[in-house]
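J.: I am attaching a structure below and will ask some questions about it afterwards.
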Amino acid sequence: MRPRSFILLLPLLLAGMAARAADAPDIDPAVDSAERAGRDAALVIGNEGYQGLPQAIWAQDDARSFREWAQVTRGISSRRVLFVADANAATMKKLARRASWRVRKRGTLWVYYAGHGTVDDAGSRLLLPVDADAGNLQSRAIRLEDLVAMLRKTRRADRVLVMMDAGFGNVARDGLDLVPGRNAVEPAPFPTDDERVAYWSADRGLGPSHPFEPAKHGLFTWTAMGGLRGWADGEVDGRPDGRVTLAEAQLYALRVGRQLGRDVDPWRDPRSAQGTWSLAQGEHLEEGPDDSLLDALGQADVRRRMDAAEQLVRTDATLFWEDTVAQAQAAGSDGKAIIEAFVDDFGRSSATISWAVSVPEVREARRILATWEQMGGLGPAVPAGGAVGTDVGSGEPCDDIISLESPSMLGELSRGQRNCLEARIDAERLQTMRDSLSRLLIVNAQAAGEEAGWEKLMMRHLEDIDRSDPDLCFSFAIHLHRTRELENAEEAIRWADVALENKQRWTGEVHVKRVYGLLRLRAEAGNRLWVDAEKRYQKERTSDTDADARDYRGLAKDTAREWLDYARASGQPADAAYRLCISAAGTREFCTPPR
């Protein structure tokens, strides 16, 4: 007989026996932010229905939640979100190559994977396709380093963020062995040598990917996606500012996972620069569940897990008892020893679950450490080097912004004044003041003829501060379009769309001319993207280039028709719009209004 001792981290069997818990806040559907991330792309993989391994429960739902967040909240075009459920290795590699081309210059390439993982003998992490062979996990697996290399091959993405709701030891999501009896070596640390690539994983070592039954999601996905809905805003320093950074989201997932009683140890990027990456922002951000709700969820969850662990021991003992009786009967007089062995094995049965203790003071300590330099230790909030309003070391004040309007319009702000304004933007929490400070720098750069600096300041303003002014969005879209660079075409369309969302602020002739101009810009940029995609398809006829050509032709056709319809309705010139429409549609009927 084998000894009966169970240490079950994740038992889900018979989870319904536990008392009903407080409802876990939903991460579905994603909140609509009206944001646009025209340069971003995403590769989303949810491997759940493994053919020769245990089910990765809820992995497909996890992946679908991320896909919806990417499109609806982050604002990535559906054409740039590549999603697959239950993929084999060939499909995963094909989509990785395609994703490397879908992201645009200065964009972020998001990679989300939910499913099983493991490590090879050298400690390299492996992602397991659904046809992975339990007898040889490495035969069909994909090395994480190889997948990232495929994604980085084109060097188009400015940033790559890899999120994985997967364990890399030998524990499946149900808490039992992924492959019975297999031992896994400790995985190597995630690489940090490429400043453009960051990782975020459910566990840094051999730990499992915990499920979270109340939410019907993986625990990592529920806490991570909740953080990206806004729950993590202010997690690092306790001061919400309307955006969620990578450091905030990662710390939130760690803290909430432990508050729910799970001994989680997710990988968090240790680099400060990557921690400042902005993942979500805007007025749509939600407040997360309070501590009392999290505590209630954790207490109910531990009861559920304890009931399941108990029942699993009893079920195993019942099945083993049936075998024991049959063996004892067949053994005759020797059967007594078999019965005694059963008593020895199960007489002191126990079930153990892991319960993490959340210490509230740790949260406060982390916040103090995060702002130690800026706060001057535990003293009052004073930026390092001097008070806000004076450039460090320059002696040039910038607290009176009205007095800086005239020199900014002439492009004559000094370096000290510009540095001072930048410092105030970093320290200021009021959005209206940050808007005013940023505009001074934008006006100054334009008046000084600093095109590259102006573009950078405009991008920062629209991405991080405010995008509600249609005039700014109009100017930036026109600027990007006039560069005639293909890499700027989609970004020009993006900011034209944002300007059109607030077109009601324009009136009269200004309204008509600017809407007409923006629709023309979208149509011309869409046509350029289609022509380029068609050339690439003619040069290299693959399924990827064919899909791109089809997608961009649809974009060109739709934007041309929208321009044409507005031109006709507003009495503006329509001939150029008509020609573009016919070119993309391939038929006059599509571009001819019904009689």
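J.: Could you please find all residues in the stretch 430-471 being polar (S, T, N, Q) and in contact (Cβ under 8 Å) with a residue 12 or more places away in the chain?
T.: Residues of the stretch 430-471 that are polar (S, T, N, Q), as a first pass: 431-432, 436, 438, 444, 446, 468.
Of everything in the stretch 430-471, those that are polar (S, T, N, Q) and in contact (Cβ under 8 Å) with a residue 12 or more places away in the chain turn out to be Gln431, Ser436, Ser438, Asn444, Gln446, Ser468.
J.: Mind listing whichever residues of the stretch 232-243 are touching a helix residue (DSSP H, G or I) at 6+ places or on another chain (Cβ under 6 Å) and either modelled with pLDDT of 95 or more or of a type outside the set (Gly, Ala, Ser) (or both)?
T.: Ala232, Glu235, Val236, Asp237
J.: Just the residues that are farther than 18 Å from Pro208 by Cα, touching a residue at least 24 places away in the same chain (Cβ under 8 Å) and of a type in the set (Lys, Arg), please, taken from the stretch 124-145.
T.: Arg140
J.: From the list Ala280, Ala330, Ala317, which residue is part of a helix (DSSP H, G or I), of a type in the set (Gly, Ala, Ser) and open to solvent by less than 80 Å² (accessible area, probe 1.4 Å)? Break it down stepwise before answering.
T.: Details: Ala280 fails: part of a helix (DSSP H, G or I); Ala330 fails: open to solvent by less than 80 Å² (accessible area, probe 1.4 Å).
That would be Ala317, the only listed residue that is part of a helix (DSSP H, G or I), of a type in the set (Gly, Ala, Ser) and open to solvent by less than 80 Å² (accessible area, probe 1.4 Å).
J.: Within the stretch 397-456, can you find the residues that are of a type in the set (S, T, N, Q), touching a Gly at 6+ places or on another chain (Cβ under 8 Å) and open to solvent by less than 40 Å² (accessible area, probe 1.4 Å)?
T.: Asn444
J.: Tell me the helices (runs of 4 or more DSSP H) entirely within the stretch 526-595 that contain at least 3 residues that are of a type in the set (A, V, I, L, M).
T.: Those helices (runs of 4 or more DSSP H) span 543-570, 575-585.
J.: Among the listed residues Phe212, Phe168, identify the single one that is under 27 Å from Arg74 (Cβ atoms), surrounded by fewer than 23 Cβ atoms within 10 Å (Cβ to Cβ) and not acidic (Asp, Glu).
T.: Phe212
J.: Pick out the one residue from Gln504, Gln538 that is surrounded by fewer than 16 Cβ atoms within 10 Å (Cβ to Cβ) and closer than 23 Å to Ala34 by Cα. Spell out how you get there, then give the answer.
T.: Numbers: Gln538 fails: closer than 23 Å to Ala34 by Cα.
The unique qualifying residue is Gln504.
J.: Across the stretch 78-103, which residue is farthest from Gly115 (Cα to Cα) among those that are of a type in the set (S, T, N, Q) and surrounded by fewer than 20 Cβ atoms within 10 Å (Cβ to Cβ)? Can you show your working first?
T.: Applying the first criterion (of a type in the set (S, T, N, Q)) to the stretch 78-103 yields 78, 88, 91, 100.
Retained after the next criterion (residues that are surrounded by fewer than 20 Cβ atoms within 10 Å (Cβ to Cβ)): 78, 88, 91.
Values: Ser78: 23, Asn88: 12, Thr91: 15 Å.
Ranking the qualifying residues of the stretch 78-103, first place goes to Ser78.
J.: In the stretch 193-209, which residues are open to solvent by less than 20 Å² (accessible area, probe 1.4 Å) and either part of a loop (DSSP other than H, G, I, E, B) or at positive phi (or both)?
T.: Ala202, Gly205, Gly207, Pro208, Ser209 - these are the residues of the stretch 193-209 that are open to solvent by less than 20 Å² (accessible area, probe 1.4 Å) and either part of a loop (DSSP other than H, G, I, E, B) or at positive phi (or both).
The values are calculated or read from the model by the stated rules, or taken from the named source; none is laboratory data. Being a predicted model, the structure only gives us computed values, none of them experimental. Counting neighbours? That spans all protein chains shown, and the Cβs are built from the backbone with ideal geometry, glycine included. The protein model used for the area step is the full one, side chains on, heavy atoms only, and it has no ligands, DNA or RNA in it. Shrake-Rupley method; radii C 1.70, N 1.55, O 1.52, S 1.80 Å.
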